[in-house]
Amino acid sequence: MSRRNTCRLLGVAALAAAPLGATATRVTGVDVLTRWQHERMARLGASEALGHSNATLVRQMLATPASPYSEPVEELGFTNEVDWAETLDRIPGGPLSSSDALEVMRWDLGMTRARPGVDITIKSGYRDDFAAASAIKADIDPDIFWHVLDLTGYSHSAKGATYAVGLQILRRQLAEETDADRRATLSIDPDVFARAMRARNIDEVTAYDLNYLSTLVQHRLLHWKVGERASTGLRALPVAYRIARVAAAYRDLQGYTTAYPCQRDATPVATYIGSDGSDPPLCFVAATDRAVHRWYLDEYRRQARRVTPQHESGLARFAGFAGAILALVDIVGMLEIVEAVIADDLLTAEAITSPDAEFAAERADLLSCRIPE
């Protein structure tokens, strides 16, 4: 083990012994955000209830929204409104305490971190506790994690992260649906998983298998199973944050030519400045999922420039299918998409007017126009 990793592991051990509270949540089976927006729209109408944006809500809930390491705001004004009390009482799978409901919202909106021994319990198989924390929060098994990195290398690890998540989703489907007829009905293909995990290089992964995994990830980005329990026992992250966390774990494993961006206690090295005057590298475990997601979008586009037209190989196919996912990853967490669905349901139930429903739909259309057909 390198001296750098030894020092970091000692720091993590000290963290684990300290009486620090984790920010991860084990509350599952509930969708607080959707229910809260439902209550607000039913009482106020869409145009008044939605007189805010995703960014506005983030500014309310984070102490320093511009910082990738922001602490959450503990006392939130909207928790004193009648809609919040109605949400806690009426939420399917509830009732919930206000603190549990806020934990769920922070988790789903990407406002939590992945500090080893604080937020995430480390398990073996990842070789590095800082990278492990991100991979474990993303709920990626070690064999899938390493196999995808072997196929793509660090140069294309941001794209590879999408397929690691796709393979993990497929593995879970196979575990949950053991009946062959049921798998066929749901279009769950065990051969895709077997072939992809058996491949020795990216050229051996077929176009069919890449397309299957790409489509599976795209479907989950659009139809996330809100409130699902991860294999860790924690609440599952939204898929786009899972992808970003896997990519961050790969980046940490790649190493840094300059100072490592985290201290031993999983706090950022705030004094480090890039040699070109740019922002310092993120300390991923100390950063919120939202911040890691923003980094991922930039990193994906940077790596995409490495695939040139002369790449007539599995890498070119791989890059093409991975690219179809990016537009969906880019709109993660946009409340406007959820709100349009709620408004449509309320209109059907005659709980809001048609103009209110149209207002919500127009907001969503401005964002969803980027979704590939």
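If you go through region 63-77 one residue at a time, do you hit one that is of a type in the set (Phe, Trp, Tyr), assigned to a loop (DSSP other than H, G, I, E, B), touching a residue at least 12 places away in the same chain (Cβ under 8 Å) and surrounded by 13 or more Cβ atoms within 10 Å (Cβ to Cβ)? Yes. Evaluating Val246 against the criteria (1) farther than 18 Å from Asp31 by Cβ; (2) more than 13 Å from the chain's Cα centre (by Cα) leaves one unmet condition, (2). From the list Ile140, Ile122, the lone residue that is at pLDDT 95 or above, in a loop (DSSP other than H, G, I, E, B) and assigned by TED's automatic domain parsing to the domain that holds Asp289 is Ile140. Here Ala180 clears all of (1) farther than 25 Å from Trp295 by Cβ; (2) surrounded by 14 or more Cβ atoms within 10 Å (Cβ to Cβ) except the condition numbered (2).
Of all residue pairs spaced 6 or more apart or on separate chains, those with beta-carbon atoms under 6 Å, a first member in region 256-269 that is assigned to a loop (DSSP other than H, G, I, E, B) and a second member that is among the hydroxyl-bearing types (Ser, Thr, Tyr) are Ala259/Tyr272. Might you check whether a residue that is at pLDDT below 70, under 26 Å from the mean Cα position of the chain (by Cα), surrounded by 12 or more Cβ atoms within 10 Å (Cβ to Cβ) and closer than 18 Å to Tyr241 by Cα occurs anywhere in region 22-43? Within region 22-43 (the criterion being at pLDDT below 70, under 26 Å from the mean Cα position of the chain (by Cα), surrounded by 12 or more Cβ atoms within 10 Å (Cβ to Cβ) and closer than 18 Å to Tyr241 by Cα), the answer is yes, since at least one residue qualifies.
Note on region 123-140: residues that are among the charged types (D, E, K, R) and either without any contact (Cβ under 8 Å) to a residue 12 or more places away in the chain or buried (at least 17 other Cβ atoms within 10 Å of the Cβ) (or both) total 4. What residue, of Leu174, Leu167, is more than 26 Å from Ala266 (Cα to Cα), surrounded by 22 or more Cβ atoms within 10 Å (Cβ to Cβ), modelled with pLDDT of 95 or more and assigned by TED's automatic domain parsing to the domain that holds Asp209? Within the list Leu174, Leu167, the selection yields Leu167.
Summed over region 44-62, the residues that are farther than 22 Å from Arg245 by Cα and either modelled with pLDDT of 85 or more or part of a loop (DSSP other than H, G, I, E, B) (or both) give a count of 7. State all residues of region 230-242 that are closer than 14 Å to Thr288 by Cα and either of a type in the set (A, V, I, L, M) or surrounded by fewer than 24 Cβ atoms within 10 Å (Cβ to Cβ) (or both); if no residue qualifies, say none. Across region 230-242, the qualifying residues are Leu237, Pro238, Ala240.
The values are calculated or read from the model by the stated rules, or taken from the named source; none is laboratory data. For clarity, every value in this text was computed on a predicted model and none was experimentally measured. Positions of Cβ are generated from backbone atoms using ideal geometry, with glycine treated the same way; all protein chains shown enter the neighbour counts.
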